[in-house]
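The block underneath contains the structure these notes are about, expressed in structure tokens.
The values are calculated or read from the model by the stated rules, or taken from the named source; none is laboratory data. On a predicted model such as this, the values are computed, not experimentally measured, just so you know. Every residue, glycine among them, receives a Cβ derived from its backbone with ideal geometry; neighbour counts consider all protein chains shown.
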Amino acid sequence: MKFTPASFRAWKNKSVTLLGMSGVGKTYLSGMLRGHDWFHYSGDYRIGKRYLDEPILDLIKQQAMQVPFLKDLLRRDWIDIHNNIKIEDLGPVLAFVGKVGNPEQGGVPLEDFVRRQAQYREAEIKAMLDVPTFIRKAHDIYGYDHFVNDAGGSLCEMDDERIIDCLSAHTLILYIQVTDAEEEQKLIDRAVSDPKPLYYRPAFLQEQLARYLQETGLQFAAEIDPNEFGRWVFPRLFRSRIPRYEAIAGPHGYTVTSREVSQVRDERDFMALLETAIARKL
């Protein structure tokens, strides 16, 4: 959607999609806006609760069935397993997607990892295409005036034109850009200490795995330390996504910096930042 500062102020029921790498402040802004009576739509929560719920539970049950005591309880239907994902804690999705590498070090075999990546991609596409429905629900059912779409960092990786067409038709797309080395390093450090589910384009994953194996002298993905690979690949993933975010924000959205976002304290600050972004583009 395209605006002038005046037309944005006059937009009665505002809907905003936050675009950018995990850790740039999307969930911070969404949580803050929720406190100001905005409907917070979390893409990853929708993925985990709706589109990956059954695969997540199947994975958990598969692990539980390897424990004789739990196996007997499950087969007799004496216990049940639920997915208690929360917007602020995406643990079930993170556990399902996993990290590629040595299973003895908590990694996921490459073939399984690739399959789960494909499932995650399909789930994210569906979750983003649900946004117009939830805008309507937020207003008509729950009585919210405004809506914020807390999109996953991998939105730019989907390569599905339907998503951007849908989001740009129903929301203002706001790209949160990391502009300096210090902020970039904070983002990388946060990704290591507080990991989020990561999606890799198949070509990118194969290219980076081959490069990592060559650099480390390993022969197979099954030998990789999953945490070490995660630390190694994240900066490369981050930089590969920058032109993809910009390709979305350029024709379809507006851009602010992560430093500007860090100064936002309330809804008034957020609105002022959006108007600044709109004016800057004009």
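Here are the numbers for this structure:
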| read-out | value |
| --- | --- |
| Flag if His40 is buried (at least 20 other Cβ atoms within 10 Å of the Cβ) and farther than 30 Å from Glu228 by Cβ | yes |
| Residues of the stretch 71-108 that turn out to be touching a residue at least 12 places away in the same chain (Cβ under 8 Å), part of a loop (DSSP other than H, G, I, E, B) and basic (Lys, Arg), as a count | 1 |
| Breaking point among (1) closer than 19 Å to Met32 by Cα; (2) without any contact (Cβ under 8 Å) to a residue 12 or more places away in the chain; (3) surrounded by 15 or more Cβ atoms within 10 Å (Cβ to Cβ), for Arg268 | (3) |
| Considering residues of the stretch 236-262 that are in contact with a helix residue (DSSP H, G or I) (Cβ under 7 Å, 6 or more places away or on another chain) and of a type in the set (S, T, N, Q) only, the residue farthest from Leu282 (Cα to Cα) | Ser240 |
| Residue that is assigned to a helix (DSSP H, G or I) and under 28 Å from Phe204 (Cα atoms), where the choices are Lys49, Lys61 | Lys49 |
| Qualifying residue in the stretch 88-103 (condition: within 27 Å of Met32 (Cβ to Cβ) and charged (D, E, K, R)) | yes |
| Selection from the stretch 155-166 of residues that are crowded, with 17+ Cβ neighbours inside 10 Å and under 24 Å from Leu94 (Cβ atoms) | Leu155, Cys156, Glu157, Met158, Ile163 |
| Thr17, sole failed condition from (1) surrounded by fewer than 12 Cβ atoms within 10 Å (Cβ to Cβ); (2) within 18 Å of Thr133 (Cα to Cα); (3) among the β-branched types (Val, Ile, Thr) | (1) |
| Among residues of the stretch 115-138, those that are surrounded by fewer than 17 Cβ atoms within 10 Å (Cβ to Cβ) and either within 22 Å of Glu228 (Cβ to Cβ) or touching an Asp or Glu at 6+ places or on another chain (Cβ under 8 Å) (or both), counted | 0 |
| Some residue of the stretch 235-243 being modelled with pLDDT of 95 or more, over 30 Å from Gly106 (Cα atoms) and of a type outside the set (Lys, Arg) | yes |
| Options Pro103, Pro55, Pro68, Pro109: the member that is loosely packed, with under 14 Cβ neighbours inside 10 Å and touching a helix residue (DSSP H, G or I) at 6+ places or on another chain (Cβ under 9 Å) | Pro103 |
